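Report on the following structure.
The values are calculated or read from the model by the stated rules, or taken from the named source; none is laboratory data. These numbers were taken from a predicted model, which means no experiment stands behind them. Neighbour counts are summed over all protein chains in view; Cβ atoms, including those assigned to glycine, are modelled from backbone coordinates with ideal geometry. SASA here: full protein model, heavy atoms, side chains in, ligands and nucleic acids out. Shrake-Rupley method; radii C 1.70, N 1.55, O 1.52, S 1.80 Å.
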Amino acid sequence: MKKLLASLVLAACTLSGYAQNTGDLKVPTKPDRVISRHIYGHFAEHLGRSIYGGFYVGEGNTKIPNTNGVRNDVVEALKRLNIPNLRWPGGCFADTYHWMHGIGAKEERPTIVNAWWGGVTEDNSFGTHDFLNMCELLGTKPYLAGNVGSGSVQELMDWVQYVNFDGKSPMSNLRRKNGRSEPWEVLYWGVGNEPWGCGGNMTPEYYADLYKQHATYLGKGYLDKGIVRIASGPASDDYNWTEVLMKKIPLSLMEGYALHHYAVTDWENKGPSTTFSEQQYFGTMKRALLMDELIQKHGAIMDKYDPEKKVALVVDEWGGWYEVEPGTNPGFLYQQNTMRDAMIAGTTLNIFNNHSDRVRMANLAQTVNVLQAVILTDEEKMILTPTYHVMEMYKVHQDANWLPLTIKSEAYTVGNENLPAVSGSASKDKNGLTHISLTNIDPNQAQEITINIDGTKYKNLSGRVLTSKKLQDYNTFDKPNTIKPENFKGAKRRATP
């Protein structure tokens, strides 16, 4: 018996009246590619209350249940997402972080001033062992961002040896002295972060040479299949950066290429996180949907130098970014999470799924208490955001076979501008279940969509929906379940004549 699972029909609201949309889904006998689970990755920077107070509350904390200082509730929530990878320690922080300051006895570790984010002094109590052991708790792959801006090739080489080498060496012996006998075997390594900005204000030509120097010494001798070296790519539409790096860096030295894009309409006036207008919402969604164009255009440049798509496009920072919540530290980037953020997540994940031939890794910014977080904490309290629920509903696509889905959508119109109201993506998992995810960004019009399925027949249909009356709705610590998935019973099967 074949089953069809409509895994998400996502609407901002469900007002009276329907707009008609159509779609075509093809289910080939042999699907041509897999949607990598690593598209559903996350990001944890030393920023605000992301690490300290978010993930980590300290080993001596008796108020909040924890394992070696890591919050148990956060671990369990992230495990329900099947979180595939976690990027750390930054972000901008990465290019000021010296990993050896975060190992050894905690009382002997030097402090560090987080000059990028709030000017706070950190005690380095959360370091390499703490992060990598936490990844084991989560059952996720660590993605370490190396310090290129203020570090050295030797420093990054030593870090790789410290966490990955199983033989005898100065670094592996130091790891054993610090309590870890077996290596963690870290596969994913970022070579710097945003070198065009906070990572050193470099030109692409200069960074390309630095990257080659670092990458030359990173892939040797520690893992049977080498490691995945990820070059720092552009901000949004800087296509020249991609052209220079793809031209100058040999494919033999690069397994991944990073792109950063936030759904920000005005960096000088980002707007509020909860009291935004529909015009502001439309602008945010316009920027979010630009992700499709960015992937296509950067991908076209990559195709010139890498026609076989050996290098993965890694969108390791994406999401919404607004003004901080009133009364909070502006350097902590703490913001609430509304149905607008659910719309960003749904449309962006659809785009990633549909470009999974080139996009094979991505990281939502960020996981806890920062930007478009999936989790918010307040001392012992924890809530799941609308973005969390989207990520949970879409996890059905992880490592599933991508299916071509084309949708002819009605327009969502504000003023003289239009955006397609409905986007979607589809896949078939290892158990033979077909999953269709749909996102409706129109807050004024419910959408009825008819999808013609070619290639197979189904006998069962089920689904879930995430919706709310207003775009500005969000979960609070007093009302944590205002927005949560519900069973969807509005889908019907129709036999073709």
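The number of residues in the stretch 449-497 being under 17 Å from His435 (Cβ atoms), outside any loop (DSSP other than H, G, I, E, B) and β-branched (Val, Ile, Thr) comes to 4.
If you scan the stretch 426-441, which residues turn out to be under 22 Å from Asn21 (Cα atoms), in a loop (DSSP other than H, G, I, E, B) and open to solvent by 10 Å² or more (accessible area, probe 1.4 Å)? Walk me through how you get there before you give the answer.
Let us first name the residues in the stretch 426-441 that are under 22 Å from Asn21 (Cα atoms), namely 426-427, 434-441.
After this cut, where a residue has to be in a loop (DSSP other than H, G, I, E, B) as well, the list is 441.
Once the filter is applied, which keeps residues that are under 22 Å from Asn21 (Cα atoms), in a loop (DSSP other than H, G, I, E, B) and open to solvent by 10 Å² or more (accessible area, probe 1.4 Å), the stretch 426-441 yields nothing.
Suppose the filter is open to solvent by less than 50 Å² (accessible area, probe 1.4 Å), of a type in the set (D, E, K, R), in contact (Cβ under 8 Å) with a residue 40 or more places away in the chain and within 14 Å of Leu137 (Cβ to Cβ); does Arg87 pass it? So Arg87 does not fit the description; no. The combined condition, being open to solvent by 60 Å² or more (accessible area, probe 1.4 Å) and free of Cβ contacts under 8 Å to residues at least 24 places away in the same chain, is fulfilled by Tyr206.
Scanning the stretch 65-74 for residues that are open to solvent by less than 10 Å² (accessible area, probe 1.4 Å) and on the phi < 0 side of the Ramachandran plot turns up Val70, Arg71, Val74.
Looking at this structure, is Leu132 touching a strand residue (DSSP E or B) at 6+ places or on another chain (Cβ under 7 Å), open to solvent by less than 50 Å² (accessible area, probe 1.4 Å) and over 28 Å from Val324 (Cα atoms)? Give the derivation first.
Values: touching a strand residue (DSSP E or B) at 6+ places or on another chain (Cβ under 7 Å): yes; open to solvent by less than 50 Å² (accessible area, probe 1.4 Å): yes; over 28 Å from Val324 (Cα atoms): yes.
For Leu132, the condition - touching a strand residue (DSSP E or B) at 6+ places or on another chain (Cβ under 7 Å), open to solvent by less than 50 Å² (accessible area, probe 1.4 Å) and over 28 Å from Val324 (Cα atoms) - is met.
Here's the yes/no breakdown for (1) in contact with a strand residue (DSSP E or B) (Cβ under 7 Å, 6 or more places away or on another chain); (2) over 26 Å from Ser273 (Cβ atoms):
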{"position": "Asp442", "(1), (2)": "yes, no"}
{"position": "Ala446", "(1), (2)": "yes, no"}
{"position": "Ile449", "(1), (2)": "yes, yes"}
{"position": "Gly455", "(1), (2)": "yes, yes"}
{"position": "Tyr458", "(1), (2)": "yes, yes"}
{"position": "Val465", "(1), (2)": "yes, no"}
{"position": "Lys470", "(1), (2)": "no, no"}
{"position": "Asn487", "(1), (2)": "yes, yes"}
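When you scan the stretch 103-114, do you find a residue that is in contact with a helix residue (DSSP H, G or I) (Cβ under 6 Å, 6 or more places away or on another chain) and more than 21 Å from Gly48 (Cβ to Cβ), even just one? The answer is yes, given that some residue of the stretch 103-114 is in contact with a helix residue (DSSP H, G or I) (Cβ under 6 Å, 6 or more places away or on another chain) and more than 21 Å from Gly48 (Cβ to Cβ). Filtered by the rule that a residue be open to solvent by 20 Å² or more (accessible area, probe 1.4 Å), of a type outside the set (Asp, Glu), under 23 Å from Leu471 (Cα atoms) and over 16 Å from the mean Cα position of the chain (by Cα), the stretch 289-326 gives Leu290, Val324, Pro326. Against the definition (at positive phi and within 25 Å of the chain's Cα centre (by Cα)), how does Asp378 come out, yes or no? No: the conditions fail for Asp378. Screening Leu78 on (1) within 12 Å of Val368 (Cβ to Cβ); (2) surrounded by fewer than 24 Cβ atoms within 10 Å (Cβ to Cβ) shows it passes everything except condition (2).
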